[in-house]
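The structure under discussion appears below in the form of structure tokens.
The values are calculated or read from the model by the stated rules, or taken from the named source; none is laboratory data. Quick caveat, the model's predicted, so the values are computed rather than measured. Every residue, glycine among them, receives a Cβ derived from its backbone with ideal geometry; neighbour counts consider all protein chains shown. All accessible areas refer to the heavy atoms of the entire protein, side chains included, with ligands and DNA or RNA removed. Shrake-Rupley method; radii C 1.70, N 1.55, O 1.52, S 1.80 Å.
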Amino acid sequence: MMVQLGQVVQMKSKTAGGEALWGYRYRVGGRGSRRVQRGGFQSERDAVEALERALERLRRANGTASTLTLAMLVDEYLAQHDAQPETIEKLRWLLTKAVAEFGDRRLGELRSHEIAAWRMKIAPGHRFEATQALRQVLTRAVAWGMIDVNPAKQGVDNPQRRRTEKRPFESWAQLAAVASTLNACSGALVMFAAATGLRPGEWIALEQRDIDPAGRVVYVGRAYRNGRLKRTKTEGSVRAVPLQAIALDAIARLPARADTDLLFPSLRGAYFDLHNFRTREWKPAQLAVGITPLRRVYDLRHTFATFALRAGISTFDLSRYMGASLTMIDRHYGHLARDGRDHAINLLDTYSRPDEADVHDVDVAWTLQQRTVATSANRRSL
């Protein structure tokens, strides 16, 4: 059996005002079957929604819900899933685990107790994500009216796997010892990464124009990953991360380069090769100064979070600087926030005592400064 897939097209005809009209077309069966075409929609979105309604009516009329297999549903879902190519490939890979087990099953034949048993056969490292991927596809089947309930949700527990233990560095002195065994550029980026908490892909994508030394801020709006430059996880915005003295010092120690705009380029001026760095420089540098256990490059980000919370920075401000949700910050680092409670108590006590206005004035000035930084960041994002 063929799955009906439609197509939205821009029509040659236009409105009286000269604007484009949109239409859709699909075949009622497989190749060679009758083709249905409708047009005259004012926008592409209108045509997409009309096509979806038409295909849903066709599926119901043909009894697709009783004959469509999981493998066919996965193909149809991925064909129209709007996401980054690497996201779709990862989703496809995760779904191959379910397709290998249930691919030839009709949707109506999928049973929750069998899915729950299958889930336990998957390696713990991928169990949660593989089950979530199956749930995601079957949720769309429910929305399309192919099945009434999602068998991967009803009666199937899917707790998140236990996170790997975070291993931040113990002190700035320990980080400086590691950096001292590296070349000038690599040593500087290690200190910079630990002082800003940027993700590796984010500091790889940094350019000179993203640094504001006078304002002591780095603006983060891009990330380099899997050979592609794209927007950061904080969709549609540029976040401003404060530059502490260690970060500014690291930037000042970078060798001057006229052949590239990148802040941390490779020797040839291209994007930094993180894979080579891990094996050729990062691991040997730690072994040279006796770091045990060995830290990952990503642990530089955890180091920033750890040091920031111990310094009294709130989890709310930390989530903004790191470009992560407050829930994620609390889940991974909330236990460290206790170290900042004394600072919070002191601020609240000082605020309630008018005779100690000096400290209050300092905090008000700091708040106004942060508002200025945030306003500057928003302007850059426009």
Within the stretch 161-192, count every residue that is small (Gly, Ala, Ser), closer than 20 Å to ILE251 by Cβ and part of a loop (DSSP other than H, G, I, E, B).
-> 0
Within the stretch 27-51, tally of residues that are under 35 Å from the mean Cα position of the chain (by Cα) and either touching a residue at least 12 places away in the same chain (Cβ under 8 Å) or in a loop (DSSP other than H, G, I, E, B) (or both) = 9
Would you mention how many residues in the stretch 14-23 are within 18 Å of VAL48 (Cα to Cα) and of a type outside the set (D, E, K, R)?
-> 4
Of the residues that make up the stretch 275-294, is at least one among the acidic types (Asp, Glu), closer than 20 Å to GLU202 by Cα and not in a helix (DSSP H, G or I)?
-> no
The stretch 227-280, residues that are over 19 Å from SER186 (Cβ atoms), open to solvent by 70 Å² or more (accessible area, probe 1.4 Å) and either out of contact with any strand residue (DSSP E or B) (no Cβ under 8 Å at 6 or more places or on another chain) or among the hydrophobic types (A, V, I, L, M, F, W, C) (or both) = ARG228, LEU229, GLU235, ALA258
Determine, yes or no, whether ARG209 is open to solvent by 10 Å² or more (accessible area, probe 1.4 Å), part of a loop (DSSP other than H, G, I, E, B) and either farther than 30 Å from THR292 by Cα or out of contact with any helix residue (DSSP H, G or I) (no Cβ under 7 Å at 6 or more places or on another chain) (or both).
-> no
Does the stretch 258-280 include one or more residues that are over 25 Å from GLU86 (Cβ atoms) and touching a Pro at 6+ places or on another chain (Cβ under 7 Å)?
-> no
Kindly list the number of the only condition in (1) free of Cβ contacts under 8 Å to residues at least 24 places away in the same chain; (2) open to solvent by less than 50 Å² (accessible area, probe 1.4 Å) that fails for ASN158.
-> (1)
In the stretch 171-198, anything buried (at least 17 other Cβ atoms within 10 Å of the Cβ) and either at pLDDT below 95 or among the hydroxyl-bearing types (Ser, Thr, Tyr) (or both) is listed as CYS185, SER186, THR196
